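Let me begin by handing over the structure; questions about it come next.
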Amino acid sequence: MATTQEAKPKGAAMIDGVKSSSWQSRLAAAIVAALVVLLLVQAVKDPGQFVSQLLIGITNGAIIALIALGYTLVYGIVELINFAHGDNFMIGSFVGVTVLSGTFLGLGFFAPIDSGSGTGIRIVGVLLALVVAMLACGLINVGIERVAYKPLRNSPRLAVLITAIGMSFILQNVGLVWKGSFQIPFPSLISNGNALAGITDAVAYRWKDLFVVLVTIPLLLGLSYFIRSTRQGKAMRAVAQDKEAAAMMGINVNRTISVAFLLGGILAGASGVMFGLFNGTTVFDLGVRQGLFAFTAAVLGGIGNLAGAVVGGVLIGVIGSMTDQYVGVRWTDIVIFTVLILVLVFRPRGLLGDRSAVQGGGGE
Amino acid sequence: MSGSPGAGSPKALLRRFGLPGGLILLAFLFPLINGVSGANLMFPVIIVAVYVMLALGLNIVVGFAGLLDLGFVAFYALGAYVVGWFASTHFNEVSFSFLSALPAQTSGRELPGIHVSFWILLIAAGAFAALWGVIIGAPTLRLRGDYLAIVTLGFGEIIPRFFLNGDNILGYNLTNGTIGIKGIDSPGIPFGPRTWQQFGTLDLNPWYYTILVLVLITIFVNIRLRDSRLGRAWMAVREDETAAAAMGVNTTTTKLWAYALGATFGGLAGAFYGTFIKSIFPTSFSFNISVLILCMVILGGMGSIYGVILGAILLQGINFYLLPQTNEWVHAIGDALNSPLLSNADIPKFNYFLFGVLLVAMMLLRPEGIIPNRQRQEELREAEEDDSATELTRA
């Protein structure tokens, strides 16, 4: 944002911001503060439960954050909500469970990897599942873009949005045909045991939580390096900022968009496998719910903003787990969808919006 | 129309009203045809009529006003639950009856629950749905296409989930949760043959004529709305909101009217559905239904009343007839070729796959639908023409 004002010292600017804030933002801040106080009261009452719920929330949040990054990458570049992204995540989990079962299309490649296998085989199995799922989902995302979104790049927004819904349904039904309508169990490969068992008894940090962190952080670092330091990453930032100018600078816009979709798909695939291993189960309509949660996270953090997607993801994960514990599992969906509506209506740019690594706006 | 005989002359009247008149006549005679030919299509036809109403309602929001509403099923659910609350034994702590077709006392005891006449409830359901249309529409007024769709989707998910979880709101059972509400009263007309005094399950004719009249009223209202000042305002807002506002169109009230009116027809359809099906479950009001109705509008032609009716009939025809029929054929082929895959295939389960493909294909090939609204066709095609024009100037 180019302004001709002098840069105010940060403190003074913040105070100005507070003074000129509307009654709505003050009300929102007050409500959030009240909720945080309520939570802290619960934390003091039963710290062990609070901390374990917090950890579950952060772990779920990491999984959601990866999906949210996919949404935000695509939205930043083509200003399109890839409705089918959540279902791509579901397909990722299906691919993962298929890889771990060792058979595909009736051909047995290797013995199924499950809780009976040795540690070495398990690690190989998990890595294999992750890699295959990432590849598959990346390619699916690129395919969707080529088939459904590219021809409509100059059509009214309504047309593309409807096409995205159609692709979402198609993917869901691919899942339905592939694995049926019931929940599909994931082999239990990562133990529920306490990773800190020998070290400390105060906090229970499971191997499962550690696993999610171990996979998520390298992916995030890799993505951040890619966007910041490689030529393709720079091209993505350029296309997100101004498509025509980027084309004039010699950037292949079509390929850059495909790369963005590929990255989003890769993250969705990894997230799908992690979800399956963490939660132990998957189902064909998983993508709808988790996809909406992830989109909420992306918007909450600021759509188009990569750091925002991660922050939003963790926040939504924590909100979800806290609601599960202190309000009731069946109200969690409603709470998160309410957050979605509130953010879209009252603060479309999200928490970290307007600053971005991959630029792009939402709303106005 | 120049060159044609005078406006009131028989020829002109025939040209204008011939096709609709013929279709309406056919519709009124349908039970006769159905009975004589032994086709037994009453139940599917009544369900198709309900969906025609729903599609026409969504057409107001999506087709006329250009607002992509992905949560239309919420109004359907609201209408059904209004009837479930006020015309059943659900609230059995009280006993209140008002012009209901049911006898006020059975075996000497007062009938538990609230029982209001269905015809009054119809109006109430429409009004309640309209109110919620305004409530849902109000936050979306400043939003652009994508975010508007997501917000309506959010509401479309929240409201049915609220009905699902409503059996324990601070201890009170409002909506009976997953069990749903059963035993909803049937309507009745205080004169005429016995099956009309209290609609039953044996004779579907009274149901059919009720929904037929409702559909005809809906069509009439839609046509008048489309050609009214409000309809023109919708068209203006749809094409270019800024220009419309500059021309003095109050975009806020215009959009809210679209939501309210669309919701009204959704609520009316829901109310009829509730009393027809007699038991309603929150799980039947899912996002899939919203997409199905959207599919009908898209397939038939956004903004085109005939088109949307055709879309509803086609898609429900696929659901009710084509898919089960294909299922039988595939099973027959499977048995003949001794292939267990084909013999055990369950084709109707994949109807949403078909609808997904349909949505994508329609948007890629013919976004204006089968029977297009000329205006919409121009809008949807003009984007492509602009593109080719700039190509020429660049080269």
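With unit charges on the beta carbons (Lys and Arg positive, Asp and Glu negative) and the dipole taken about the Cα centre of chain B, which residue among B:Gly84, B:Leu322, B:Ser186 sits farthest to the positive side?
Positive-most Cα among the choices belongs to B:Ser186.
As a test of the formula, what do you get for chain A when each DSSP H run with n ≥ 4 contributes -39,500 (n - 2.57) and the sum is divided by the residue count, at 222 nm and rounded to the nearest 500 deg cm²/dmol?
On the way: 13 runs with 250 residues, N = 364.
Result for chain A: -23500 deg cm²/dmol, rounded to the nearest 500.
Tabulate in residue order the Karplus-calculated ³J(HN,Hα) for segment B:313-319, using 6.51 cos²θ - 1.76 cosθ + 1.60 with θ = phi - 60°, rounded to whole Hz; enter x for Gly and Pro.
Once θ is set to phi - 60°, the couplings for segment B:313-319 become 5, 4, 5, 5, x, 4, 4 Hz.
FRET efficiency for B:Trp119 and B:Val221, Cβ-Cβ distance as r, R0 = 25 Å, nearest 0.05?
The computed FRET efficiency comes out at 0.90.
Cα axis of helix B:145-165 to longest principal axis of chain B: angle in degrees, 0 to 90, nearest 10?
Compared with the principal axis, the helix lies near 10 degrees.
Compare A:Leu35, A:Leu152, A:Leu176 in a GNM of chain A, Cα atoms joined below 10 Å, and give the one with the largest fluctuation.
Largest GNM mean-square fluctuation: A:Leu35.
Go from 0 up to the bin containing the longest alpha carbon distance in chain A, width 20 Å each, and give me the % of pairs per bin.
Calculated P(r), rounded to whole percents: 28, 56, 16, 0.
Step by step: find N for segment B:202-287, compute 2.2 N^0.38 Å, then divide the Cα radius of gyration by it. What's the final number?
1.45
Starting from the amide H of A:Ile184, placed 1.01 Å from N in the peptide plane, find each other amide H under 5 Å away whose residue is 5 or more places distant or on another chain.
Hits under the 5 Å cutoff: A:Thr282, A:Val283.
When the Kirkwood hydrodynamic radius is evaluated over all pairs of different C-alpha atoms of the protein assembly as shown, what value in angstrom, to one decimal, is obtained?
Value: 28.5 Å, from the Cα pair sum.
Which value, in debye to the nearest 20, describes the size of the charge dipole of the protein assembly as shown about its Cα centre when Lys and Arg Cβ atoms bear +1, Asp and Glu Cβ atoms bear -1, and nothing else is charged?
Here the size comes out at about 740 debye.
Another one. Let's test the formula: R0 of 35 Å, r as the Cβ-Cβ distance of A:Leu139 and B:Ile371. What FRET efficiency results, to the nearest 0.05? Let's see the in-between values first.
On the way: r = 38 Å, r/R0 = 1.09.
E(calc), rounded to 0.05, equals 0.35.
Quick one: what do you get for segment B:245-310 if you divide its Cα Rg by 2.2 N^0.38 Å?
Values: Rg = 15.3 Å, N = 66, 2.2 N^0.38 = 10.8 Å.
Here the answer is 1.42, to two decimals.
Pick out which of A:Met274, A:Met249, A:Met90 has the largest mean-square fluctuation in a Gaussian network model of chain A, springs linking Cα atoms closer than 10 Å.
In the Gaussian network model the winner is A:Met249.
Here's a follow-up. Name the long-range amide H neighbours of B:Ile181: under 5 Å, sequence gap of 5 or more, or other chain; modelled H, no Pro or chain starts.
The answer is B:Ile280.
How large are Rg and Dmax for chain B when calculated on the C-alpha trace, in angstrom?
Answer for chain B, Rg first and Dmax second: 23.1, 89 Å.
OK, next. Of all DSSP beta bridges in the protein assembly as shown, what percent run antiparallel (nearest 5)?
Numbers: 10 of 14 bridges.
Taking every DSSP beta bridge with both residues in the protein assembly as shown, the antiparallel ones total about 70 percent.
Calculate one ³J(HN,Hα) per residue across segment A:28-34 by plugging θ = phi - 60° into the Karplus curve 6.51 cos²θ - 1.76 cosθ + 1.60, and present them in order as whole Hz with x for glycine and proline.
4, 4, 5, 5, 4, 4, 4
Between B:Lys182 and B:Glu328, how many nm apart are label points set 7 Å from Cα along the C-beta direction?
3.1 nm
Oh, and also: Take A:Ala43 and B:Asn250, extend 7 Å from each Cα along the Cα→Cβ direction, and tell me the distance between the two endpoints in nm.
4.9 nm
Top mean-square fluctuation among A:Ser181, A:Ser168, A:Ser155, Gaussian network model of chain A, C-alpha springs under 10 Å?
Answer for the Gaussian network model of chain A: A:Ser155.
Still on this structure: Amide H neighbours of B:Ile114 under 5 Å, at least 5 residues apart or on other chains, H built in the peptide plane: list them.
Residues meeting the amide H criterion: B:Ser88, B:His90, B:Phe91, B:Phe96.
How much space per residue, in cubic angstrom, does the convex hull of the C-alpha atoms of segment A:242-364 take up?
122 Å³
Per residue of chain B, what 222 nm ellipticity follows from adding -39500 (n - 2.57) for every DSSP H run with n ≥ 4, rounded to the nearest 500?
Only helices count here, giving -21000 deg cm²/dmol.
Using a Förster distance of 30 angstrom, determine the FRET efficiency expected from the C-beta separation of B:Leu25 and B:Tyr321, and round it to 0.05.
Details: r = 24 Å, r/R0 = 0.79.
Approximately 0.80, to the nearest 0.05.
Report, for chain B, the % of DSSP beta bridges that are antiparallel, rounded to 5. Intermediate values should be presented prior to the final figure.
Values: 5 of 9 bridges.
Around 55 percent of the beta bridges assigned by DSSP in chain B are antiparallel ones.
Work the Kirkwood hydrodynamic radius out for segment B:143-288: mean of 1/r over every pair of different alpha-carbon atoms, inverted, in Å.
Kirkwood hydrodynamic radius for segment B:143-288: 18.5 Å.
Which value in nm describes the separation of the simple spin-label points at B:Ala243 and B:Asn338, placed 7 Å from the Cα toward the beta carbon?
If labels sit at B:Ala243 and B:Asn338, their model points lie 6.8 nm apart.
Coordinate-derived values only; no laboratory data. Just so we're clear, the structure is a prediction, and the values are computed from it rather than from any experiment. Quick reminder, even Gly has a Cβ in these numbers, built from the backbone with ideal geometry, and neighbours come from all protein chains shown.
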